[in-house]
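Student: Questions regarding the structure given below will be posed in turn.
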Amino acid sequence: MLRSSSWLTWLVLLLGGCAAPSASVGSTAVTGSTESLPARHPELTLSQIAEILCQYQLLPEPVLSRLPEHYRPSQLIRQEDLDFLQRHPSYLPETDLDRPGFYAALSRFDECTVEREVDYGNGQAAVSVRYTRPRWEAASLRGPGILQASSPTKRLIALNRWLLRNPETTTTWLTVLFERTPTGWRADFQLPEQEKLHPREVLSCSDASRPVARHFGPGMSKPRLLSGSWPGYTREALEARVQGLLIAQCHITAAGETKDCCISKPLPFLEWTVLRQLSRLHFEPATYEGEPIDVEYVFHLRFSLPR
């Protein structure tokens, strides 16, 4: 895994045409070319699986399109979760960063460190991971030089230049649950179980039973996104060629958590997914007179079909 101190070294090596240094993902060597493939491991350990899922941003939700081709999802994730995702392809919507090879490039600048591994002895285990990354949610990352780079090398060069201008990082702690299966340890995301506990309900902002916090207004500082991905298109919305403005509201607490989200202006095939994604965002909270406060915040989300 590459640390922020090596970004300049990467840029010099790439511009100079030298061979890039290698980094380690689990026990597998990964070289500077995104096209090189590591050797397959017959039985990955708990820590190796947790590092791979963290490195390619499949935590806390397993967006499988981010995983490089040389890793099979069945090597990492239990079959019940994979079957659920196959039955519900839009359950985890993709973002504008979900494109071939992009997360493989981003992974070179993320740092995932296993802090603790616990085997509960009953076929279940857990791994705690410290995840440090640049602020990939920044709008400036979406420039054509990065998203539409013509080769992996040019994308890495563009990313290094972006990181030199945006050196700030953020750190979160993630917990990965595991289940012992006949083929070894697999990450347990509990997707079908969570769906039964929390069925797909779309709450309208006009619902009188919904709790409402103080509305965001003058004199308050805006909440700033710290972690999570903004909602993206679902497969159904793309196939139906849905476009337009969706408006949602959420309660952002003084601790930066997002809850009690609702829809005030819907768009077909997007409402439930938007609420689910918004509820997973974490913010630096709004402040008033220097103190963090709970606020009711309105999100204007414009969806436009790719050209």
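Nothing in this text is a laboratory measurement; each read-out follows from the coordinates by a stated rule. This one's a predicted model, so the numbers in the text were calculated from it and none came from an experiment. Cβ: placed from backbone, ideal geometry, glycine included. Neighbour counts: every protein chain shown.
Student: Using a simple charge model, +1 on the beta-carbon of Lys and Arg, -1 on the beta-carbon of Asp and Glu, nothing else, what dipole does the stretch 220-303 show about its Cα centre, in debye to the nearest 20?
Tutor: Its charge dipole is roughly 420 debye.
Student: Between Asp96 and Arg130, what is the label-point separation in nm under the 7 Å Cα-to-beta-carbon projection?
Tutor: 3.3 nm
Student: Relative contact order (percent) for the stretch 121-241, with alpha-carbon contacts under 8 angstrom and 6 or more residues of separation? Could the numbers behind the result be given before it?
Tutor: Working: 79 pairs, mean separation 37.1, N = 121.
Across the stretch 121-241, relative contact order equals 31 percent.
Student: OK, next. Do any GluC sites (Glu not before Pro) in the stretch 202-260 lie in a loop, going by DSSP, with at most 11 other beta-carbon atoms within 10 Å of their beta carbon, and if so which?
Tutor: The qualifying sites: there are none.
Student: Place a point 7 Å from Cα of Glu43 in the direction of its Cβ. Which residues in the stretch 62-100 have their backbone N less than 17 Å from it?
Tutor: The answer is 75-77.
Student: Using DSSP to call loops (not H, G, I, E or B), can you name the GluC sites (Glu not before Pro) in the stretch 60-167 whose Cβ has at most 14 other Cβ atoms within 10 angstrom?
Tutor: Values: sites: Glu69, Glu80, Glu94, Glu111, Glu115, Glu117, Glu137; in loops: Glu69, Glu94, Glu137.
Answer by residue number: Glu69.
Student: Compute the Cα gyration tensor for the stretch 220-303, then decide on rounded, prolate or oblate, letting a ≥ b ≥ c be the square roots of its eigenvalues: rounded whenever a/c is under 1.5, prolate when a/b is larger than b/c in the other cases, and oblate in all that remain.
Tutor: Working: a/c = 2.76, a/b = 2.36, b/c = 1.17.
Verdict is prolate for the stretch 220-303.
Student: Right, here's the next one. Could you please state, rounded to a whole Å, how far the C-alpha centre of the stretch 223-284 is from the C-alpha centre of the stretch 73-112?
Tutor: 19 Å
Student: FRET efficiency for Ser74 and Arg224, Cβ-Cβ distance as r, R0 = 41 Å, nearest 0.05?
Tutor: On the way: r = 38 Å, r/R0 = 0.93.
Efficiency, from the Cβ-Cβ distance: 0.60.
Student: Please work out how much length the chain gains when fully extended from Ser65 to Thr169, using 0.36 nm per residue of separation minus the C-alpha to C-alpha distance, in nm with one decimal.
Tutor: 35.0 nm
Student: With an 8 Å cut-off on Cα pairs and a minimum separation of 6 or more residues, tell me the relative contact order of the stretch 220-303 in percent.
Tutor: 44 percent
Student: Tell me, what is the FRET efficiency for Val118 and Lys259 to the nearest 0.05, using R0 = 30 angstrom and their Cβ-Cβ distance as r?
Tutor: According to the calculation, E is roughly 0.60.
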